[in-house]
Amino acid sequence: MSPAAAAAATSFAAGPVAASTPITAPSRVRVRFPPCADPAAPRRAVASMAVSAPRSAASFLERRESERALHFVKYQGLGNDFIMVDNRDSPVPKVTPEEAAKLCDRNFGIGADGVIFVMPGVNDADYTMRIFNSDGSEPEMCGNGVRCFARFIAELENLQGTNSFTIHTGAGLIIPEIQNDGQVKVDMGEPILSGPDIPTKLLATKNKAVVQAELSVEGLTWHVTCVSMGNPHCVTFGAKELKVLQVDDLKLSEIGPKFEHHEMFPARTNTEFVQVLSRSHLKMRVWERGAGATLACGTGACAVVVAAVLEGRAERKCVVDLPGGPLEIEWREDDNHVYMTGPAEAVFYGSVVP
Ligand SMILES: N[C@@H](CCC[C@H](N)C(=O)O)C(=O)O
């Protein structure tokens, strides 16, 4: 450890994770900095619940002190954060939806937007991804989660450089590719535009798609375009009564649930509120089904670009600014697939008895 890192390393009484009764019963958490080639680069702390910190997340996961302990690695993609579980030895998730909701609690648990399981592949896919939202519900897909999933596999399998995997999800086959710079580019497949398949009860307005349909929420008539990226999204660029939608001014926690539970969305919905900065630059905030306001939503950013193209507001290739940072999204004309590129990284690892 460098002198600067050593000076920055601190020990403090264990926080929320320890409060969830870790089996190794550490009384302290050590915050340490991983080795870094460039000493001038900003350094990110790695908190380990183990008293003597292992050298890597993979070696930590190999330590099976107890049958009951759940070993996890916390990842984030633009601040959309997940508890990643190595579930490669079983097709049954190691925690129940109820346990997942407890683990995701930011005061009484580890704190996360969801729990993601790396499982054995089916239908010739390399792996299967399952995810529980922070309320315990199970969505079909997660864009930021799949980038974290790819980086977690690389860590588990000790892979370096560029790598690509096929991942079976509730939204079909998803193919992430880790690039040389560490970013992950994901083939997110084709958007689904037919109302009943999204699902929404809103009627089609353009061919079979629900584009700029009117939806009444909180006394305003919103114009919404509905897109499924395997999971349902309702995208709005504004309401009839609003001159311009300023996404920073929205009271998301008040209006978000009204969209999520609207009768027009039988499976509930994720909702994206969008401002067009230019034809290739969009800004959005999201209210996620089962997770509330998050700092980023990968499937949401994909849905936003598809909706913007359908509404004639943007080009097929855009940068989408989310509260947690930007994503590059392209809806290709030749194969009709949506491609998403962005970061994902491990932030800390630990163990807990769920
Ligand atoms: N944050 C995710 C989406 C996670 C699932 C979503 N909450 C749902 O229920 O559909 C993403 O990055 O796509």
Rounded to whole Hz, the Karplus (6.51, -1.76, 1.60) HN-Hα couplings of segment 106-113, x for glycine and proline: 7, 9, 10, x, 6, x, 5, 8
- request: With 21 Å as the limit, write out which pairs from K206/K258; K74/K102; K283/K317 have Cα-Cα distances beyond it, or answer none.
  value: K206/K258
query: For segment 70-80, what does the Karplus curve 6.51 cos²θ - 1.76 cosθ + 1.60, with θ = phi - 60°, yield as ³J(HN,Hα) per residue in whole Hz, taken in order and with x for Gly and Pro?
result: 9, 8, 9, 10, 8, 10, 9, x, 6, x, 7
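Calculate, for segment 223-354, the solvent-accessible area per residue in square angstrom, rolling a 1.4 angstrom probe over the heavy atoms of the protein chains.
Dividing the accessible area of segment 223-354 by its residue count gives 36 Å².
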- prompt: Percent of accessible area on segment 258-339 owned by carbon and sulfur, 1.4 Å probe?
  reply: 48 percent
message: Only sites in a loop by DSSP and with at most 12 other Cβ atoms within 10 Å count here; which trypsin sites (Lys or Arg not before Pro) in segment 130-227 make the cut?
response: K208
message: As an exercise, use a Förster radius of 41 Å and the Cβ-Cβ distance of D89 and L252 to find the FRET efficiency, rounded to the nearest 0.05.
response: 0.55
message: Spelling out what I want: for every residue of segment 308-314, take phi, set θ = phi - 60°, compute 6.51 cos²θ - 1.76 cosθ + 1.60 (Karplus), and round to whole Hz; glycine and proline get x.
response: 5, 5, 4, 8, x, 9, 8
- line: Scoring only Lys, Arg, Asp and Glu (+1, +1, -1, -1) among other residues with Cβ under 15 Å from the Cβ of A150 yields -4
- request: Under 16 Å from a label point 7 Å along Cα→Cβ of D105: give me every residue in segment 128-171 with its amide N that close.
  value: 134-137
message: If I compute solvent accessible area with a 1.4 Å probe over the protein chains, what percent of it on segment 163-219 is carbon and sulfur?
response: 46 percent
task: For N123 paired with R316, estimate the spin-label separation in nm (one decimal), with each label point 7 Å from Cα along the Cα-to-Cβ line.
output: 2.5 nm
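The values are calculated or read from the model by the stated rules, or taken from the named source; none is laboratory data. Because the structure is a prediction, the values reported are computed rather than measured. Note that each Cβ is placed from the backbone with ideal geometry, even for glycine, and that neighbours are counted across all protein chains shown. Remember, those area values only see protein heavy atoms, side chains included, never the ligands or the DNA or RNA. Shrake-Rupley method; radii C 1.70, N 1.55, O 1.52, S 1.80 Å.
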